[in-house]
Each structure stands twice: as structure tokens, then as C-alpha cells.
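See below for the structure under consideration.
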Amino acid sequence: MKDQRGSVTVIAVVMLLFLMIIAVAWLPMLTTEKTAAASDYREQQAWYAAEAGYKRAVAALENKNNDWGWITKDADIQTSNFLHLGLDRGKVDQEKIWYAVGIMKDALDLSGTSEDNVAYQITSVGSCQGIRKVIRKVYTLGDNGESGGGGSGGEETLDLPGLVQAGGTVTVKNSNNTILGDIYGSDKEDQSGDKHFNNGNNWQGNYTGTLKTKLPDNIFDKSFYKDIKTLDVLPVNNNEPFILGEKEQIYIDWPIGFYKDEWNQGKKWEYQIRGGQGSVLFINCPKNNNSIDLTNGIIGPSSGEPLTLVFNGDVIIRTPLQGNIRIFVKGSVKLDSSNSGNPTSSEELLMVMANGDIDMARPWGLASGKRYAFLSSNANVVLENSCNNFCGQIQAQGDVTIWSSVIEYSNKVLKSAGFTVPKGMN
């Protein structure tokens, strides 16, 4: 027993040392957790502040306020030269919670009373103890702060009276041309030999309404589309169809990898696209030449809301088109004649809207009466000779040139469900 004297004390001391070592080891972890929790809190508060600033901007626009003393100039936001405003409009401590908001219209800081159907770019910066969050959205008065491609909140119907509405000159070039419908423009030129404008049956003079041809920037911003999903890799081979379900929204930054981790470095989109009713495919065009070449078929739904394709750049469409399809293009678009495809047993409705030129080089309005189109350009529209039949409507801020042998009026596209246009066009 004498040899065991004091063993309890030794064991107790060893246990205390062990616990001290564990406590020392845990201290940095506890500090890290505390720091992370504090950082999460500041980020959340900064985000809430940014949201508050954005909602205040939307409310002010909706109420048609003309007192904008609380907003910050866009140049100051870009250089972080903020006005740190409290609710009483006094400056607040920069280390506290605050927001700064800038509102722009047509690339200028907002002044005066807000207007209906005008797109405003809102930038709201929220800050909490040095952590900042930014919300940047394009808001069209009347949208109630909502966003979404194809939703009724951000779109409106368009009603045009005639076959062609042009802000510039309408020129007819094909000597065999047949024009069935009213034509409006600021000037006319008849090179066809048939004297279409001289007989008074088609020419109506200046269009007395307001042409809305420029697509607003918000529809080319991914954040505008509600619940949109970004794909980094396509889940198909190039010989398989890429399918979008009903109401599904997909964003793709082109070029994109195959599902086998290969990478498509070319300009051509070699996948067939099939979309359900109300689906949206947003393709961010390549940066090197800002264009994409579609070659392998686009199939929209046979009825109901169309498949919507959005291109943030220029696009060439060589592929057959079937079903109901809307196409929004930030740049120019050419519908090549190399593979137009045959009409299906159902009616096929096509809407093409571009901020650049539209070159239509394929027939759309065959004798079967199954195809109808609406073309809208903020620049110029050309119906090539290879577009030997066209049935629908055309509007252009610039010139319209007609080579097509037959061009006839139909407002079927603009009167069909789902073929609305974005609000904020001008």
C-alpha cells in the first residue's frame, strides 16, 4: 500500500492537464465559430439593407415621386463614394447598417417624375460594419418589383394595324412581288416594276402610332428570369436533343462542355432544342465574336405558350424551326435559307425580335397556310429573295427591304396566347 500512496493525486493531476490541453485546443475553434457567426450576421444584415433600398426605390417609382434627394449618383456608386443616409436623411456612421441607392433612366441619373412602361436600372448597396451586398436590377414601372421571362407581370400585348410599319424607307425590289396588306413608312422606293406604291392599294404613308422596337436591357440580364437554372455542362451528346420541360428556364454561357467533360470550342450549337410550353433558354453568346450559329433543329410546343430563346449577342439560325417559338436577340439575327424545314400538321407561329438587323432568308408562310410570323427590329429588316413567301407582320425602326415574291398580312402571331412583348420597349 505504501507504493500506491499518492497515486490518486497523480491521476487527478494528469486528468487536469489533459482537460487543459483540450480546452486550449478548442479555444481557436470557438473563436473561429464566433467570428464566422458574426460575419454571417453582418452579411445577412447587409443583404437586408440592400433589399430595403431596392424596395424603397420601387415604391418611389410606383408612387411617381419627384423628390430624389435620397438617391446616390451612379458615378458615386461606381467609385464607392456613397451617401450614407438614415431614415431622417442625415448621414449615418459608416460602420453601422445603411444602404445607398442609384436609379438610372436611359444611362442617366433619374430626375423628375417616373414614367409608365419605362425601364429603370436600380442599384442598391447594403452595408453592415464594412460588409457590403449589391442588388442590381432593371425595373419597368408596373411590374411590382417582380421579374420573370414570359410571365404576365413583365410583358404586354402589341397591336399593329398593317403588314409593314417602318420608321424609315420601305423598298420593294422583286419584279414578281405580290403585296397583300397595308404598308406604312416615312418614305418609299419601288424598284419592282409593278408600281405597288403608285396604285394606292398598299402605301399608307407615315405610321401615326409610336413604334416600340427596342428590347429593354432587363430581358438580357439573367437576374430578370425567375427561378432560372444555370448549366455548366450539357447533359447530352451533340447527337441527342436538349429538352426543356414546361415552364423550365435554363441559362447557358456558350461555349459549354459536353456531359462527358469535353468542351465545345466552336461557334456552332450542334444540339437539337426542344422546349415545352412557356419554357425559356437563355444563351449568353461567345465573347470572342459575340455570335452563335444554330444548326440542328428548334422545336417549340405545337400549341399554347411558345418556347422562348434569348440571345445576348448576334445569332445565325440555319436550323429548321417547328412549333411555337419566340426569339429575343440583343444584336442582329439571320434566318438562313439552308435548312428551312417543312411545316407540321399544326400551325407554326414565329416571333423574332432584335435590337439589330433581321435578315429573313427563308420562307415563312407557305401555300398550306400553316406558318405565321412577326418580325420586329430596332434597326432594319430585309426579306431576301429566298424568302419567297412571308405571312405575318413586320415593324422596324429603320428601313424595310422586300425581295420576297409573296408577302401577305396576318396578325395571328400577335393575337395568339403567349406571344406578348416585354414591357419597357420604346
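Side notes on the structure shown:
- Qualifying residue in region 272-279 (condition: surrounded by fewer than 18 Cβ atoms within 10 Å (Cβ to Cβ), on the phi < 0 side of the Ramachandran plot, assigned by TED's automatic domain parsing to the domain that holds Val329 and at pLDDT 75 or above): yes
- If you go through region 398-415 and keep only what is out of contact with any Leu (no Cβ under 9 Å at 6 or more places or on another chain) and either crowded, with 20+ Cβ neighbours inside 10 Å or not assigned by TED's automatic domain parsing to the domain that holds Asn177 (or both), you end up with just Asp399.
- Test: residue in region 298-305 that is of a type in the set (A, V, I, L, M) and either modelled with pLDDT under 90 or under 17 Å from Leu215 (Cα atoms) (or both): no
- In region 314-325, the residues that are surrounded by fewer than 21 Cβ atoms within 10 Å (Cβ to Cβ) and assigned to a loop (DSSP other than H, G, I, E, B): Arg318, Pro320
- Beta carbons closer than 8 Å, at least 6 apart along the sequence or on distinct chains, pair a first residue in region 94-115 that is at positive phi with a second that is modelled with pLDDT under 80 and assigned to a loop (DSSP other than H, G, I, E, B) for Gly112/Asn66.
- Listed by first and then second residue, the pairs with beta-carbon distance under 8 Å, at least 6 apart or on different chains, first residue in region 58-78 and of a type in the set (S, T, N, Q), second outside any loop (DSSP other than H, G, I, E, B) and surrounded by 18 or more Cβ atoms within 10 Å (Cβ to Cβ), are Thr72/Ala100; Thr72/Val101; Thr72/Gly102.
Rundown of residues vs (1) modelled with pLDDT under 75; (2) over 22 Å from Lys226 (Cβ atoms), yes/no style:
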| site | (1), (2) |
| --- | --- |
| Leu61 | no, no |
| Asp67 | no, yes |
| Lys73 | no, yes |
| His84 | yes, yes |
| Gln94 | yes, yes |
| Ile97 | no, yes |
| Gly112 | no, yes |
| Lys137 | no, no |
| Asn144 | yes, no |
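- Residue in region 228-240 that is of a type in the set (Lys, Arg), in the same structural domain as Gln393 (by TED's automatic domain parsing) and closer than 24 Å to Gly365 by Cα present: no
- When restricted to residues that are touching a Pro at 6+ places or on another chain (Cβ under 8 Å), surrounded by fewer than 20 Cβ atoms within 10 Å (Cβ to Cβ) and either in a strand (DSSP E or B) or in contact (Cβ under 8 Å) with a residue 60 or more places away in the chain (or both), region 359-386 contains 0.
The values are calculated or read from the model by the stated rules, or taken from the named source; none is laboratory data. Since this is a predicted model, take the numbers as computed values, not measurements. As a convention, Cβ positions derive from the backbone with ideal geometry for all residues, glycine included, and neighbour counts pool all protein chains shown.
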